[in-house]
1. Please verify whether the stretch 58-71 includes one or more residues that are in contact with a Gly (Cβ under 9 Å, 6 or more places away or on another chain) and surrounded by fewer than 20 Cβ atoms within 10 Å (Cβ to Cβ).
2. Of the conditions (1) of a type outside the set (A, V, I, L, M); (2) in contact with a strand residue (DSSP E or B) (Cβ under 6 Å, 6 or more places away or on another chain); (3) surrounded by fewer than 22 Cβ atoms within 10 Å (Cβ to Cβ); (4) under 26 Å from A173 (Cβ atoms), G37 clears all except one; give me its number.
3. Could you pull out every one of the helices (runs of 4 or more DSSP H) wholly within the stretch 93-189 that has 3 or more residues that are under 30 Å from S264 (Cβ atoms) and modelled with pLDDT of 95 or more?
4. Can you tell me which condition L33 does not meet? The list is (1) assigned to a helix (DSSP H, G or I); (2) in contact (Cβ under 8 Å) with a residue 60 or more places away in the chain; (3) out of contact with any Ser or Thr (no Cβ under 9 Å at 6 or more places or on another chain), and all the others hold.
5. Just one of the numbered conditions (1) within 14 Å of S42 (Cα to Cα); (2) without any contact (Cβ under 8 Å) to a residue 40 or more places away in the chain; (3) among the small types (G, A, S) is not true of G104; which one?
6. Of all residues being of a type in the set (G, A, S) and either closer than 20 Å to E154 by Cα or assigned to a loop (DSSP other than H, G, I, E, B) (or both) in the stretch 49-74, which is modelled with the highest pLDDT? Just the residue, please.
7. Given the condition surrounded by fewer than 16 Cβ atoms within 10 Å (Cβ to Cβ), under 25 Å from V226 (Cα atoms) and touching a strand residue (DSSP E or B) at 6+ places or on another chain (Cβ under 7 Å), answer yes or no: does some residue in the stretch 4-22 qualify?
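The values are calculated or read from the model by the stated rules, or taken from the named source; none is laboratory data. These numbers were taken from a predicted model, which means no experiment stands behind them. As a convention, Cβ positions derive from the backbone with ideal geometry for all residues, glycine included, and neighbour counts pool all protein chains shown.
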Amino acid sequence: MSTDRPLPVMVWIHGGAYQTGCTAEKEFDGSALARRGVVVVSVGYRLNVFGFLAHNRLREEAEARHDDEPYANFGFLDQRAGIRWVGKNIAAFGGDPENITIFGQSAGAGSVLAQICSPLNRGLFQRAIMQSGAGPGMFNRHQQSLEDGHRTAERLFEALGVSSLDEARQVPAAELLAAAEALPVPPESGREGDWSMMVNWVPCVDGRFITDQYARTIARGEQNEVEILLGNTTGEFMETDADGTLLPAGEVGNLKLIAEWIRSGRKAPYYYRFDVAMPGDDAGAFHSSELWFSFGTLATCWRPFVG
């Protein structure tokens, strides 16, 4: 596509509960968006223990170096590095560095919310889309304190038979991941029994990249001033939330987020509700079903649309 003016840019952040996922899933193909005059960039990031391990010793190392960079939430830092690279280099690909939209789904939407709320991202992007997230209520539960993260890391070290960061750094990646995934979620975490929270390796309030719970950041109006679009599917988490039989849990969370945003005095977000029913297993407008439509990749979907 030839154009005389820079094209808008969209930076995609995939979901997967901060544990799994990749940019190469076939529904994430940006070709259809590119044909409509958009430069599409997908950002990969570290996941699970590699992306969200937190430990007090990492903080001490950073302080000893007099380093102002964050010492936790490495998955978010990877995303930020990708967005910064886009801002510096996208003009060479025909993109407009002053017209960047970051967008993500599920934990990708939580990642977008984190990027919006981080004080390190002033002016880094202009717009943001959160798909099939559930507002700060869900993602606050996906946040932990640095102290909680440290305790989780210590339990992992005990399982591995190591006692220091130096020893942990010598553990092969496959062994580290296996031990991290086998580590049970403790009852005191408040996440036990909640399928969407049954993970240890989640973002933490580190005081640098994430300075507070998202809801409190938004209530104070301290989030970055960007244009917002967010929404959910009509069947979001209905199978796990009794209240969802009346209103999907994702919709409740998003409406709360919009209310907080308006109260903060910032520009009100746009809201959508996706209700196109998909055929086949898990029929209906279930969590993630909108991805085939937003990327225009229905032709690659295995579901029975004819017959």
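1. Yes - at least one qualifying residue is present in the stretch 58-71.
2. Just one mismatch for G37, condition (4).
3. Once the helices (runs of 4 or more DSSP H) in the stretch 93-189 are filtered for at least 3 residues that are under 30 Å from S264 (Cβ atoms) and modelled with pLDDT of 95 or more, what remains is 107-117.
4. (3)
5. (2)
6. Here the residue is G51.
7. No - not one qualifying residue is present in the stretch 4-22.
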